[in-house]
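The values are calculated or read from the model by the stated rules, or taken from the named source; none is laboratory data. Just so you know, these numbers come straight off a predicted model, no measurement behind them. Note that each Cβ is placed from the backbone with ideal geometry, even for glycine, and that neighbours are counted across all protein chains shown. Accessible surface is based on the protein model in full, side chains and every heavy atom, while ligands, DNA and RNA are left aside. Shrake-Rupley method; radii C 1.70, N 1.55, O 1.52, S 1.80 Å.
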Amino acid sequence: MSGTLQGKVAIVSGSSAGIGAAVAKELAQRGATVVLNYPHAGEKENATKILSSFPEPSRSIAVEADISTYQGAKTLVHAAADAFRKVDILVNNAGIMLPGDLDDPDDAKVESNWERMINLNGRGAYFLTRAVLHVLSRENSRIVNIGSGVSRVPSTGQSMYAGVKGMLETLTRSWAKELPRKYGCTVNAVAPGIVATEGYLSSPQFVRDMVKPFVDSTPVAPRETTPEEVAWTVAMLCEEKAGWLNGVYVPIAGGSIMI
């Protein structure tokens, strides 16, 4: 698929690690100019490494911007517009998962978790998309939201995360009706299952034990999704021939999500 996205400019939020980094690499491999995003100075080195792995790193940039803030979304889009004058692809990937029970007695912890997840996973995607519309190409542009299978197959301790990802799924359907004719774009969502990112693989064993039954029952094979499988799916939705796919929800979980 090399070169199929040549001439396209893509913003991938939260792309200094994990799924976002894999998506950024895949888009770059297909010829896109990529605007990498990292939230704070501590992630700059990771972003630089990702950038240097691109076939033509000098054509892309890395931008520090905290998408959980209103100004962060504007900063990222302004940097892309200043450098490339347009955006063809937006991937709303930036997100965080903080587990917790609804009846957790620690009010401060619950409030903090809610603010962090709603501001980044929900509000961040909303305002980044709003900001990018001003420079979005008016023909064959793409918006892809990174949801999660947990919004349809939730598990214990994930109601807050599932709810916020469900918000992103609903925004996808709403935008898929609202935006295409006005902005020349399609809007779709992908929903990974358990993804074997570096963060997941380095998580405490009890976390992996908690999701093991879900992983083991996957119809295709008893394993996690790879970041590269998510990235391939995102990239395919960005291809020119995907122009009649709009408002779709694509589970990437080996058949463990079929709703």
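Considering only the stretch 221-253, how many residues are over 24 Å from LEU171 (Cβ atoms), open to solvent by 40 Å² or more (accessible area, probe 1.4 Å) and not polar (S, T, N, Q)? Let's see the steps before the verdict.
Going through the stretch 221-253, the residues over 24 Å from LEU171 (Cβ atoms) turn out to be 221-224, 226, 228, 240-241.
Remaining after also requiring open to solvent by 40 Å² or more (accessible area, probe 1.4 Å): 222-224, 226, 228, 240-241.
Within this subset, residues satisfying the condition of being not polar (S, T, N, Q) are 222-224, 228, 240-241.
Adding up the residues that qualify gives 6.
Only one of the listed residues (SER148, SER141) is surrounded by 24 or more Cβ atoms within 10 Å (Cβ to Cβ), among the small types (Gly, Ala, Ser) and touching a Pro at 6+ places or on another chain (Cβ under 7 Å). That residue is SER148. GLY199: in contact (Cβ under 8 Å) with a residue 24 or more places away in the chain, assigned to a loop (DSSP other than H, G, I, E, B) and among the small types (Gly, Ala, Ser), yes or no? For GLY199, the condition - in contact (Cβ under 8 Å) with a residue 24 or more places away in the chain, assigned to a loop (DSSP other than H, G, I, E, B) and among the small types (Gly, Ala, Ser) - is not met.
A single member of LYS177, LYS182, LYS109, LYS165 is of a type in the set (Lys, Arg) and either assigned to a strand (DSSP E or B) or surrounded by 14 or more Cβ atoms within 10 Å (Cβ to Cβ) (or both), and it is LYS165.
Within the stretch 90-130, the set of residues being hydrophobic (A, V, I, L, M, F, W, C) and over 20 Å from PRO39 (Cβ atoms) comprises LEU102, ALA108, VAL110.
Pick from ILE67, ILE143, ILE50: which is part of a helix (DSSP H, G or I) and in contact with a helix residue (DSSP H, G or I) (Cβ under 9 Å, 6 or more places away or on another chain)? Walk me through it before giving the result.
Working: ILE67 fails: part of a helix (DSSP H, G or I); ILE143 fails: part of a helix (DSSP H, G or I).
Only one candidate passes the filter, namely ILE50.
Of all the numbered requirements in (1) closer than 30 Å to GLN158 by Cβ; (2) part of a strand (DSSP E or B); (3) not polar (S, T, N, Q), LEU98 misses one, and that requirement is (2).
Kindly provide the set of residues from the stretch 111-162 that are without any contact (Cβ under 8 Å) to a residue 40 or more places away in the chain and more than 16 Å from the chain's Cα centre (by Cα), ordered by number. If you could, list the steps in order and put the result at the bottom.
Step one: of the stretch 111-162, the residues without any contact (Cβ under 8 Å) to a residue 40 or more places away in the chain are 111-112, 115, 150, 154, 162.
GLU111, SER112, GLU115, PRO154, listed by residue number.
Of the listed requirements (1) open to solvent by less than 30 Å² (accessible area, probe 1.4 Å); (2) under 22 Å from VAL91 (Cα atoms), THR218 misses just one: (2). A single member of ASP101, ASP82, ASP88 is closer than 30 Å to MET210 by Cα and not basic (Lys, Arg), and it is ASP101.
Residues that are open to solvent by 60 Å² or more (accessible area, probe 1.4 Å) and either part of a helix (DSSP H, G or I) or acidic (Asp, Glu) (or both) within the stretch 1-41 comprise LYS25, GLN29, ALA41, listed in sequence order. Scanning the stretch 213-235 for residues that are in a loop (DSSP other than H, G, I, E, B) and farther than 28 Å from SER13 by Cα gives SER217, THR218, PRO219, VAL220, ALA221, PRO222.
Only residues that are closer than 23 Å to GLY193 by Cβ and either more than 18 Å from the chain's Cα centre (by Cα) or assigned to a loop (DSSP other than H, G, I, E, B) (or both): list them for the stretch 243-253, please. Lay out the reasoning, then the answer.
If we filter the stretch 243-253 for residues that are closer than 23 Å to GLY193 by Cβ, which is where we start, we get 245, 247-253.
Within the stretch 243-253, LEU245, GLY247, VAL248, ALA253 qualify.
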